[in-house]
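The values are calculated or read from the model by the stated rules, or taken from the named source; none is laboratory data. Keep in mind it's a predicted model, so treat the numbers as computed, not measured. Don't worry about glycine lacking a Cβ; one is built from the backbone with ideal geometry, like all the others, and counts go over all protein chains shown.
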């Protein structure tokens with residue numbers, strides 16, 4: 001399989017597909033390891049909650065930068081080369097995080113971790129472009145399910161590892177997993193044709209052309225980014241909330257709440273198929289309304305595990321309605337520019353996440369949990385308004 005070049009619409013082997021899904025989960029997990037650990041990282045690095053919260057923020061900012069500057073390269077150069085080089089840099093950044101003596105070093109490492117954790121966003125368009133037409137939706141759903149499972153497992157694993165062996169151990173383990181992932185990719189990922197002929201400058205300029213040419217892309221990206229801002233508003237401060245009364249929870253308990261996200265992972269392929277039946281616009285409305293319901297639950301029952309768990313379940317399923325519905329429809333706009341289209345979509349997506357993380361962290365410092373709920377609800381309302389004010 002290694003020597004057989006991938007061809008558009010020719011199909012992917014089951015082994016390659018599941019390798020993509022697994023490594024997508026392992027690599028995206030690097031973005032979220034810090035979330036259950038923030039309340040123990042701060043004292044160890046000698047900083048307060050506001051400075052510690054910037055670790056999560058800068059990771060998201062780095063991811064947005066990687067999406068914008070690295071993912072388009074997959075339309076221009078060998079995916080195998082880009083992926084393995086990216087994973088190599090990721091190993092170095094994870095080790096730097098594990099060894100960080102100060103919060104400044106942790107901030108720098110967080111940016112690089114974010115930049116280099118974009119591997120799943122090369123895999124998703126790869127699955128969309130090279131799967132047979134009848135298997136595209138299913139295969140994209142499988143890769144996205146792997147990605148979601150990685151997000152889910154990252155919080156659980158990092159919470160447990162942080163509680164047992166300290167937060168730095170988690171980053172040593174993550175570095176080892178990325179070394180293994182690079183080896184697997186070198187072995188199983190075949191070469192593929194370039195989607196673009198020209199210079200890197202021309203490639204990047206084509207992003208502007210795509211944004212201008214496809215107004216639907218602008219709507220898909222904006223409302224998904226706003227919804228992700230709402231989603232990240234919870235996870236960026238949940239560790240701080242759980243450390244206080246009445247929970248006084250450790251990082252392992254915060255991480256275990258990530259298990260609620262299994263609902264999103266299990267519904268990913270179903271939601272992908274549902275997009276074609278009810279339309280992306282209706283699905284986006286449903287997702288935004290679910291987010292508003294979730295924030296209502298967080299406000300009313302924030303002092304109970306039942307309320308938090310119910311809210312997380314609703315928030316996660318709503319997020320998949322918005323993201324997967326819009327992303328699946330986005331790939332159909334211009335298949336030959338799949339990586340660049342995904343760059344535009346996911347850059348907006350994670351800029352939204354970064355803004356949501358920043359707004360939530362600021363709201364926590366200023367207004368406590370009530371401020372966080374207000375910030376999350378505002379992002380959800382903006383996503384809903386974006387849908388209601390457009391025809392896409």
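Residue 365 falls short on exactly one of the conditions (1) crowded, with 17+ Cβ neighbours inside 10 Å; (2) touching a residue at least 24 places away in the same chain (Cβ under 8 Å); (3) more than 30 Å from residue 277 (Cβ to Cβ), and that condition is (1). Taking the criterion of being surrounded by fewer than 18 Cβ atoms within 10 Å (Cβ to Cβ), touching a residue at least 40 places away in the same chain (Cβ under 8 Å) and part of a helix (DSSP H, G or I), the residues of the range 192-205 that qualify are 200, 204.
Hey, does the range 277-286 have a residue that's surrounded by fewer than 24 Cβ atoms within 10 Å (Cβ to Cβ) and touching a residue at least 60 places away in the same chain (Cβ under 8 Å)? Within the range 277-286 (the criterion being surrounded by fewer than 24 Cβ atoms within 10 Å (Cβ to Cβ) and touching a residue at least 60 places away in the same chain (Cβ under 8 Å)), the answer is yes, since at least one residue qualifies.
The rows are residues; the columns are (1) closer than 30 Å to residue 289 by Cα; (2) surrounded by fewer than 15 Cβ atoms within 10 Å (Cβ to Cβ); (3) in contact (Cβ under 8 Å) with a residue 24 or more places away in the chain; (4) in contact with a helix residue (DSSP H, G or I) (Cβ under 6 Å, 6 or more places away or on another chain).
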| residue | (1), (2), (3), (4) |
| --- | --- |
| 133 | no, yes, yes, no |
| 158 | no, no, yes, yes |
| 163 | no, no, yes, yes |
| 227 | yes, no, yes, yes |
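Pairing each residue of the range 171-183 that is free of Cβ contacts under 8 Å to residues at least 24 places away in the same chain and at negative phi with any residue that is crowded, with 18+ Cβ neighbours inside 10 Å and part of a helix (DSSP H, G or I), provided the two are 6+ apart or on different chains, yields C-beta distances under 7 Å for 173/161. With respect to the conditions (1) under 30 Å from residue 82 (Cα atoms); (2) modelled with pLDDT of 90 or more, residue 314 lacks only one, and its number is (1). Of the set (1) surrounded by fewer than 24 Cβ atoms within 10 Å (Cβ to Cβ); (2) closer than 30 Å to residue 203 by Cα; (3) modelled with pLDDT of 90 or more, all apply to residue 344 but (1). Considered as a group, the residues in the range 313-335 that are touching a helix residue (DSSP H, G or I) at 6+ places or on another chain (Cβ under 8 Å) and more than 18 Å from residue 383 (Cβ to Cβ) include one that is surrounded by the most Cβ atoms within 10 Å (Cβ to Cβ), and that residue is 331. Inside the range 111-131, can you point out the residues that are surrounded by 24 or more Cβ atoms within 10 Å (Cβ to Cβ) and assigned to a loop (DSSP other than H, G, I, E, B)? Scanning the range 111-131 gives 117, 118, 119. Identification of helices (runs of 4 or more DSSP H) wholly contained in the range 1-110 with 3 or more residues that are within 28 Å of residue 186 (Cα to Cα) and touching a helix residue (DSSP H, G or I) at 6+ places or on another chain (Cβ under 7 Å) yields 14-28, 49-69, 79-99.
Scanning the range 328-340 for residues that are in a helix (DSSP H, G or I) and within 23 Å of residue 285 (Cβ to Cβ), we see that the one that is modelled with the highest pLDDT is 330. From the list 370, 390, 354, the lone residue that is at pLDDT below 95, farther than 14 Å from residue 223 by Cβ and either in a helix (DSSP H, G or I) or in contact with a helix residue (DSSP H, G or I) (Cβ under 8 Å, 6 or more places away or on another chain) (or both) is 354. Quick one: is residue 173 under 23 Å from the mean Cα position of the chain (by Cα) and either assigned to a strand (DSSP E or B) or within 30 Å of residue 257 (Cα to Cα) (or both)? So residue 173 passes the test.
Only residues that are on the phi > 0 side of the Ramachandran plot and touching a helix residue (DSSP H, G or I) at 6+ places or on another chain (Cβ under 7 Å) were counted across the range 197-225, and they come to 0.
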